[in-house]
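A.B. asks: If you scroll down you'll find the structure; I have some questions about it.
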Amino acid sequence: MSTARPADPITRKAQLDARLQALSARTELQTRKDHDRLTWILGRMVVEQMTHDPALQAWVRSDLPRHLTPRDQDRGLWQILFPDDAKD
């Protein structure tokens, strides 16, 4: 027969709250990873389709600049997609 006392309710609640918080953090992280993966897959699909669809390429060429930041790294991405453009 065990003589251990039941856990203090306040301590038990704190333990459960900590477990809930950890589970919530893991769920949020997985959701973020899933969203990032979906974004990457869709982006890759668009890039591949641009070589076959001139209308899509024109749309990306006209719409993409407003999504790029002024950072040099982001602006350099333009040259990867559209190497024939002298400058943006």
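A.B. asks: Over segment 8-52, give the accessible area per residue in Å² for a 1.4 Å probe, as an integer. Let's see the in-between values first.
C.D. replies: Values: 4140 Å² over 45 residues.
Accessible area per residue: 92 Å².
A.B. asks: What is the distance, in nm, between label points placed 7 Å from the Cα along the Cα-to-Cβ direction at residue 37 and at residue 58?
C.D. replies: Once both label points are built, they end up 3.7 nm from each other.
A.B. asks: I've got another one for you. Report, to the nearest whole %, how much of the accessible area of the chain belongs to carbon and sulfur atoms, 1.4 Å probe, protein only.
C.D. replies: 60
A.B. asks: Something else: Once the piece of chain linking residue 14 and residue 82 is laid out straight, how much longer is it, given 0.36 nm per residue of separation minus the C-alpha distance between them?
C.D. replies: 18.9 nm
A.B. asks: To the nearest 20 debye, what is the magnitude of the charge dipole of segment 8-52 about its Cα centre, counting +1 on the Cβ of each Lys and Arg and -1 on the Cβ of each Asp and Glu?
C.D. replies: 140
A.B. asks: Relative to the first principal axis of the alpha-carbon coordinates of the chain, what is the inclination of helix 54-63, with its axis defined by its Cα atoms, in degrees from 0 to 90 and to the nearest 10?
C.D. replies: 70
A.B. asks: So how strong a dipole does the chain carry about its Cα centre when Lys and Arg Cβ are +1 and Asp and Glu Cβ are -1, to the nearest 20 debye? Display every interim value, and only then the final one.
C.D. replies: Values: 14 positive and 13 negative charges, 143 e Å.
Rounded to the nearest 20 debye, it is 680 debye.
A.B. asks: Counting only helical runs of four or more DSSP H residues, what would the 222 nm mean residue ellipticity of the chain come to if each run contributes -39,500 (n - 2.57) and the total is spread over all its residues? Don't skip to the answer; put the middle values down first.
C.D. replies: Numbers: 3 runs with 62 residues, N = 88.
Computed mean residue ellipticity for the chain: -24500 deg cm²/dmol.
A.B. asks: Say each of residue 45 and residue 67 gets a label point 7 Å from the Cα, pointing the same way as Cα to Cβ; how far apart are those two points in nm?
C.D. replies: It is 1.4 nm.
The values are calculated or read from the model by the stated rules, or taken from the named source; none is laboratory data. Computed from a predicted structure; not experimentally measured. Cβ atoms come from the backbone with ideal geometry, glycine included; neighbour counts cover every protein chain shown. Heads up: the accessible areas ignore ligands, DNA and RNA and are worked out on the full protein's heavy atoms, side chains in. Shrake-Rupley method; radii C 1.70, N 1.55, O 1.52, S 1.80 Å.
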